[in-house]
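See structure below.
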Amino acid sequence: MRVCGVELSGNDAVICLLFMNDDIFDIPESRVRKITIEKTTSAKAMKAFQFSFAKLMSDYKIDRVIIKERPTKGKFSGGAVGFKLEAAIQLIDNLQVELITAVTIKEYIKRNPVSVAFADTGLKKFQESAFTTAYGYLMNDYYSNDMD
């Protein structure tokens, strides 16, 4: 399965591509590590963001996008721009998008810890949350299907 973990932060969609095939993980080189929207009030900019994201997912043949869900209220709530970016991603035709909470990600990783230090993945530090989102999702998907 080919997934893209996404963490929405400010005006950025930080991404991590993670592929799993025959119990082996692959973190492919990606031409971008994050997609930024400059003018958040512009419909043209929002469409450009959506097009860029869709093109990247198509080019890497991504099966599913997993977005780390943000609370809608409280101390750690997401901002308006993040929710706009989330909606833009969710509305891309022919792209399966799922949201997953931080608590759920931690549960999945606790049951199936990452076997390599993050520093050894070749990813940038700011991509760590996107990586754990993708990894947690794949571990849950793999082991829940394994039990069927």
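The values are calculated or read from the model by the stated rules, or taken from the named source; none is laboratory data. Fair warning: this is a prediction, and the values are worked out from it, not measured in the lab. Every residue, glycine among them, receives a Cβ derived from its backbone with ideal geometry; neighbour counts consider all protein chains shown.
Worth pointing out:
- Within region 39-52, residues that are within 15 Å of GLN90 (Cβ to Cβ) reach partners that are part of a loop (DSSP other than H, G, I, E, B) with beta carbons closer than 8 Å, at six or more positions or on different chains, in the pairs MET46/ILE37; MET46/THR40; PHE49/ILE37; GLN50/LEU91; GLN50/ILE92.
- Candidates ALA102, ALA87: the one that is without any contact (Cβ under 8 Å) to a residue 24 or more places away in the chain and of a type in the set (A, V, I, L, M) is ALA87.
- Remark: MET46 falls outside the filter, which requires a residue to be buried (at least 16 other Cβ atoms within 10 Å of the Cβ), under 30 Å from VAL116 (Cβ atoms), among the aliphatic types (A, V, I, L, M) and out of contact with any Ser or Thr (no Cβ under 6 Å at 6 or more places or on another chain).
- Meets criteria (of a type in the set (D, E, K, R) and closer than 17 Å to CYS16 by Cα) for ASP63: yes
Yes/no matrix, rows are residues, columns are (1) outside any loop (DSSP other than H, G, I, E, B); (2) over 15 Å from the mean Cα position of the chain (by Cα); (3) over 15 Å from GLY5 (Cβ atoms); (4) β-branched (Val, Ile, Thr):
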{"residue": "PHE83", "(1), (2), (3), (4)": "yes, no, yes, no"}
{"residue": "VAL97", "(1), (2), (3), (4)": "yes, no, no, yes"}
{"residue": "ALA119", "(1), (2), (3), (4)": "yes, yes, yes, no"}
{"residue": "ALA134", "(1), (2), (3), (4)": "yes, no, no, no"}
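- A count restricted to region 9-19 and to residues that are in a strand (DSSP E or B), out of contact with any Lys or Arg (no Cβ under 7 Å at 6 or more places or on another chain) and over 13 Å from PHE53 (Cα atoms) stands at 2.
- Failed item in (1) outside any strand (DSSP E or B); (2) in contact with a helix residue (DSSP H, G or I) (Cβ under 8 Å, 6 or more places away or on another chain); (3) of a type outside the set (Lys, Arg); (4) modelled with pLDDT of 95 or more, with ALA130 passing the rest: (2)
- The residues in region 112-133 that are over 14 Å from GLU69 (Cβ atoms) and surrounded by 16 or more Cβ atoms within 10 Å (Cβ to Cβ) can be counted, and the count is 5.
- Check on LYS73, more than 20 Å from TYR137 (Cβ to Cβ), modelled with pLDDT under 95 and either within 15 Å of the chain's Cα centre (by Cα) or outside any helix (DSSP H, G or I) (or both): yes
- Residue within region 109-117 that is over 20 Å from PRO28 (Cβ atoms), in contact with a helix residue (DSSP H, G or I) (Cβ under 6 Å, 6 or more places away or on another chain) and either free of Cβ contacts under 8 Å to residues at least 40 places away in the same chain or among the polar types (S, T, N, Q) (or both) present: yes
- Options ILE109, ILE105, ILE66; residue that is of a type in the set (Val, Ile, Thr), part of a helix (DSSP H, G or I) and surrounded by 18 or more Cβ atoms within 10 Å (Cβ to Cβ): ILE105
- Looking across region 3-27, the residues that are among the acidic types (Asp, Glu) and closer than 18 Å to LYS124 by Cβ come down to GLU7, ASP12, ASP26.
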